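The values are calculated or read from the model by the stated rules, or taken from the named source; none is laboratory data. Treat the numbers as computed from the prediction; the structure is a model and nothing was measured. Neighbour counts are summed over all protein chains in view; Cβ atoms, including those assigned to glycine, are modelled from backbone coordinates with ideal geometry. Ligands, DNA and RNA are excluded from the accessible area calculation, which covers all protein heavy atoms including side chains. Shrake-Rupley method; radii C 1.70, N 1.55, O 1.52, S 1.80 Å.
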Amino acid sequence: MTRDPRFDVMFEPVQIGPVTAPNRFYQVPHCTGIGYRKPQTLASLREMKAEGGWGTVCTEYCSVHPSSDDDPFPSATLWDDEDIRSHALMVEGVHARGALAGIELWHGGAASANHYSRETPVGPMSRPAGVWDPVQTRAMDKYDIQNVKRWHLEAAKRAQRAGFDIVYVYGCHWYLLKQFLDPANKRRDEYGGSLENRVRLLRELLEETKEAVGDSCAIAVRFSAGSVMEEVEDNSSRDESREVIEMLKDLPDLWDITVDDYSYEMGTSRFVKEAGLENTMSWVKDVTNKPVVSVGRFTSPETMLRLVRQGVVDLIGAARPSIADPFLPNKIAEGREDDIRECIGCNICYSGDQTGTPIRCTQNPTMGEEWRKGWHPETIPRKTRDASVLIVGSGPAGLEAATALGKRGFDVVLTEARKELGGRVTREARLPGMAEYARVRDWRLTQIDKLANVEVYLDSQVDEEQILEFGADHVVLATGASWNRDGTGRWMEDPVAGWEGSTVLTPDEIMDGVVPDGPVTVFDDDHYYMGGVIAEKLRRDGLDVTLITPANQLSTWTTHTEEQHRIQERILGLDIGLVTGTSLAAVGSDSATLECIYTERTRDVKAGAVVMVTARTPRDDLYHSLVDRIDIRCIGDAYAPGTVATSVYSGHQYARELQTEVSPDVRFTRERATAP
């Protein structure tokens with residue numbers, strides 16, 4: 001296939017200071033949950049992006065000194081010369097694929113509690129440091145400011161020696177430079193008070209970095225265009241951002257533009273749609289003559305093209321789209337837009353950083369596995385011998401297994417008991433804000449349609465006898481899991497009294513179209529998104545809803561996906577009653593008994609229905625009845641209920657490992673910290 005000539009402009013080179021990006025596809029700095037401890041893992045991940053056509057590939061935030069230590073959130077480091085070789089690994093891989101390599105130098109200031117280094121946090125003023133940490137910064141004096149500039153300059157020189165083409169000065173996201181820029185900076189010296197003073201440190205770092213390495217490296221600044229236009233009436237933040245850009249104007253070689261609110265910049269698809277930053281930052285190119293890059297979870301080539309043609313940006317910035325599909329640029333170049341794995345905006349990728357674990361992706365199960373498992377998002381080894389595979393169930397695990405096995409050349413039959421494919425993602429995508437989850441299904445169906453060796457049968461409930469009669473060499477059960485009706489889960493090991501009553505429902509029944517009588521009590525002991533979206537659906541159906549949870553906040557795990565605040569804001573804004581720190585003690589015919597988890601005091605509330613959002617039970621009966629007679633495996637939720645991402649990964653892993661030798665103990669290559 002050939003490229004649509006409309007997209008030719010996307011593949012034009014862009015001059016950035018002394019270097020030239022080969023195209024307009026720019027992977028902006030993004031965290032990985034990998035950091036400096038696993039340089040080979042990180043280098044392979046970044047190289048894969050360059051192989052996929054991203055013309056510029058950047059690191060995550062890179063600490064310039066131990067006083068900017070973000071542990072347990074993994075970051076890169078350039079603290080001393082020993083860090084150079086680790087970064088050079090990435091640079092060499094990226095350059096080998098013809099792309100530019102960028103590095104984001106960073107000092108966290110008050111955002112870093114320095115748990116690992118145990119250095120005293122520093123900032124413009126003395127204020128609480130870290131994330132709910134019981135420590136404060138020490139207010140920086142002139143000596144400290146000179147030290148920060150020296151550390152940044154030394155890190156920039158190390159970056160140059162490592163071979164980087166672009167060096168960042170990081171001026172946003174509530175890190176040190178943003179703390180100086182903030183109007184709350186009331187220092188009485190030349191680094192506080194007036195806007196000119198508050199900009200001084202950023203200006204000096206840009207000037208000194210440019211003087212030190214600007215002969216061979218482009219100098220980029222990451223900067224906020226202000227508060228999100230759609231979310232606040234006060235435009236003072238945007239006005240001041242404009243003033244700063246007018247002051248610095250053409251000093252940097254590249255403006256990387258974001259917004260003040262990190263939960264909006266990288267908002268999940270439930271709350272922020274594609275190109276969400278456009279209205280807030282579209283004015284920037286009116287102020288500077290230098291190239292501008294910005295993000296917006298761009299999944300549509302048409303949107304990317306429009307923003308470039310309209311002069312909103314010069315380069316299409318991407319983090320999550322480059323994670324979901326590292327080969328997005330190549331697919332546009334080859335006229336294969338329908339093969340693009342579109343990001344669903346779930347932010348599972350970000351959860352890796354927040355849990356201190358390597359990055360993962362719902363759409364792209366190979367993300368983070370490039371080095372330790374040798375997985376490639378676009379290639380998969382062919383089968384070693386002919387074999388047939390029967391897959392029962394077409395949810396995310398079943399669809400992924402069918403796609404990957406089909407590409408390996410196996411004869412695959414996929415059966416689905418329902419009249420539509422997709423399993424849980426099809427059903428969950430109908431819940432409020434969840435529509436983009438259907439992309440998990442849609443991409444795989446597009447791939448399956450191109451595979452003549454994969455057959456699909458709908459409305460086909462199979463039993464033990466039919467499986468045996470079919471006679472496949474391998475049988476895979478992707479039959480999913482059912483939500484528990486009895487209330488058992490993380491908080492309660494024993495069933496809730498009265499759970500057998502007709503007023504008790506589960507998310508499965510709500511997704512099947514059951515409309516309960518109100519008022520409704522939703523008991524959320526799942527702590528991810530399901531409790532909130534079920535409550536929202538019922539409220540939008542016109543019912544009075546109370547949501548109770550044993551946790552101290554709603555959907556508490558979603559702090560890892562940067563959406564907890566928005567979820568709770570949405571629930572309260574819909575006038576849904578929210579009761580935290582509370583469990584469900586009993587269910588009556590028209591009531592529910594709530595129990596405080598701290599005092600064990602109980603109270604009754606009216607409840608025409610109770611929806612249990614607790615735990616799930618795998619549908620694995622067929623496995624247990626057949627495991628001693630045939631080669632049969634469970635994957636996805638049928639193996640162990642989890643996220644959509646774990647289901648996709650499970651299906652992919654099964655497909656990869658069939659007919660291959662895999663260690664039964666450690667299934668990946670470990671990147672070790674070796675003893676001297």
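Condition check ((1) modelled with pLDDT of 95 or more; (2) in contact with a Ser or Thr (Cβ under 7 Å, 6 or more places away or on another chain); (3) at negative phi) across all residues:
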site	(1), (2), (3)
MET125	yes, no, yes
GLY130	no, yes, no
ASP141	yes, no, yes
ASP144	yes, no, yes
ASN147	yes, no, yes
ALA155	yes, no, yes
ALA159	yes, no, yes
PHE164	yes, no, yes
VAL169	yes, yes, yes
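Could you go through region 78-87 and let me know if any residue there is touching a Cys at 6+ places or on another chain (Cβ under 8 Å), under 27 Å from THR559 (Cβ atoms) and not in a helix (DSSP H, G or I). Within region 78-87, none of the residues are touching a Cys at 6+ places or on another chain (Cβ under 8 Å), under 27 Å from THR559 (Cβ atoms) and not in a helix (DSSP H, G or I). When ASP261, ASP325 are checked against the criterion of being closer than 27 Å to ASP239 by Cα, under 17 Å from the mean Cα position of the chain (by Cα) and among the charged types (D, E, K, R), ASP261 stands alone in meeting it.
Specify which of the listed residues (ARG150, ARG118, ARG158) is open to solvent by 20 Å² or more (accessible area, probe 1.4 Å) and within 30 Å of VAL14 (Cβ to Cβ). Give the steps one after another, and end with the answer.
Numbers: ARG150 fails: within 30 Å of VAL14 (Cβ to Cβ); ARG118 fails: within 30 Å of VAL14 (Cβ to Cβ).
So the residue among ARG150, ARG118, ARG158 that is open to solvent by 20 Å² or more (accessible area, probe 1.4 Å) and within 30 Å of VAL14 (Cβ to Cβ) is ARG158.
Of everything in region 419-429, what is open to solvent by less than 10 Å² (accessible area, probe 1.4 Å) and in contact (Cβ under 8 Å) with a residue 60 or more places away in the chain? Give them in sequence order. Answer for region 419-429, where residues must be open to solvent by less than 10 Å² (accessible area, probe 1.4 Å) and in contact (Cβ under 8 Å) with a residue 60 or more places away in the chain: VAL425, GLU428. Restricting the first member to region 405-418 and to residues that are surrounded by 18 or more Cβ atoms within 10 Å (Cβ to Cβ), and the second to residues that are among the basic types (Lys, Arg), the beta-carbon pairs closer than 6 Å and six or more apart or on different chains are ARG408/ARG382; ARG408/LYS383; PHE410/LYS383. Among residues of region 183-199 that are under 18 Å from SER227 (Cα atoms) and open to solvent by less than 30 Å² (accessible area, probe 1.4 Å), none has a beta-carbon under 6 Å from a residue that is part of a loop (DSSP other than H, G, I, E, B) and of a type in the set (Asp, Glu) at least six positions away or on a different chain. Just checking, how many residues over region 288-311 are crowded, with 20+ Cβ neighbours inside 10 Å and part of a loop (DSSP other than H, G, I, E, B)? Total satisfying the criteria: 7.
The residues on offer are VAL605, VAL610, VAL627, VAL662, and the sole one that is over 25 Å from ILE359 (Cα atoms), open to solvent by less than 70 Å² (accessible area, probe 1.4 Å) and free of Cβ contacts under 8 Å to residues at least 40 places away in the same chain is VAL627.
Scanning region 309-333 for residues that are touching a residue at least 24 places away in the same chain (Cβ under 8 Å), out of contact with any Lys or Arg (no Cβ under 6 Å at 6 or more places or on another chain), more than 25 Å from LEU399 (Cα to Cα) and not small (Gly, Ala, Ser) yields ARG309, VAL312, VAL313, ASP314.
Taking the criterion of being open to solvent by 40 Å² or more (accessible area, probe 1.4 Å) and in a loop (DSSP other than H, G, I, E, B), the residues of region 440-452 that qualify are LYS450, ALA452.
Residues that are open to solvent by 20 Å² or more (accessible area, probe 1.4 Å), outside any helix (DSSP H, G or I) and of a type in the set (A, V, I, L, M, F, W, C) were ranked within region 552-586; the one that is farthest from ARG601 (Cα to Cα) is LEU574.
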